[in-house]
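S.K.: Before anything else, here's the structure in question.
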Amino acid sequence: MPGGFNIDVADAHRRVTERTRAIIPVHFAGEPADLDAISALASSNQLHVIDDAAHALPASWNGKRIGSVSELTAFSFYATKTITTAEGGMLTTDNDGYARRVARMRLHGISSDASKRYTREGLWYYEVEEAGYKVNMPDLLAALGRAQLLKVEQFRACRQHIGARYDQEFARLDELETPPHGKTGSEHA
């Protein structure tokens, strides 16, 4: 869409059908999508909002960090993202039911936290409640991510400096449109 690369909410509205269950805005290149308009569209159609924030750490919308606005937000920590754990990612939610289900599904769908089996409060007995996945992050990679999280603002400043240089150089080319930044209500990653 002209003036940005994020979801066109008017176009998304035209595409909603009775089979639509969720809207998945991608915060493209770290620029937050218009979460107010997306939330209004979702609310009026009883849809869920699941943010794809692979490049949006530490972006904000109306003073709230991406990851604390929508029902669910997925972050990627692959090597090309704003912070890295080499692989893996994070899903944020303030819905306790979603959090419990994600915790169960990330480790084969078992009924209890497998890592607690080796502690005093843990139990050896468990049930496989659903066909889950093996998507838990190893402790070593999580430690790498925690260390990088402390530097997230420093990384943002470096990216902003590089982005300003791209904007300056590409401004000469009518054929290119660089991602916008500084829209009202948003803080770019």
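S.K.: Near the amide H of I23, under 5 Å away, which other amide H atoms are found, from residues 5 or more places off or on another chain, if H is placed in the peptide plane?
M.R.: Amide H neighbours of I23, under 5 Å, 5+ apart: H48, V49, I50.
S.K.: Order the peptides 104-112, 130-138 from the highest to the lowest mean number of other Cβ atoms within 10 Å of their residues.
M.R.: The densest-packed peptide leads the list: 104-112, 130-138.
S.K.: Taking H placed 1.01 Å from N in the peptide plane, check which residues at least 5 places from G89 or on another chain put their amide H under 5 Å from its amide H.
M.R.: F77
S.K.: Using packing as a proxy for protection, rank 139-150, 74-85 so that the peptide with the highest average count of other Cβ atoms within 10 Å comes first.
M.R.: With the highest mean Cβ count within 10 Å placed first, the list reads 74-85, 139-150.
S.K.: Amide H neighbours of S186 under 5 Å, at least 5 residues apart or on other chains, H built in the peptide plane: list them.
M.R.: Hits under the 5 Å cutoff: N62.
S.K.: Follow-up question, since we're still on this one. Enumerate the residues in the stretch 64-78 having an amide nitrogen under 11 Å from the point lying 7 Å beyond the Cα of Q154 toward its Cβ.
M.R.: none
S.K.: I need the calculated FRET efficiency for the pair L141 and S111, taking r as the beta carbon distance and R₀ as 30 Å, to the nearest 0.05.
M.R.: 0.75
S.K.: Taking the structure as given and computing Cα extents along the principal axes in Å, which label from (i) 50, 40, 30; (ii) 65, 43, 27; (iii) 55, 36, 27 fits?
M.R.: So the structure-derived entry is (ii).
S.K.: Could you check the simple spin-label distance between T80 and K134, using points 7 Å along Cα→Cβ, in nm with one decimal?
M.R.: It works out to 2.6 nm between the two label points.
S.K.: From the phi of every residue in the stretch 78-93, what ³J(HN,Hα) in whole Hz does the Karplus formula 6.51 cos²θ - 1.76 cosθ + 1.60 yield, where θ is phi - 60° and glycine or proline is x?
M.R.: Calculated HN-Hα couplings, in order: 5, 4, 8, 8, 5, 10, 10, 10, 6, 8, x, x, 8, 10, 10, 6 Hz.
Computed from the coordinates by the stated procedures, all read-outs in this text should not be read as laboratory data. Note that this is a predicted model, so its numbers are computed, not measured. Every residue, glycine among them, receives a Cβ derived from its backbone with ideal geometry; neighbour counts consider all protein chains shown.
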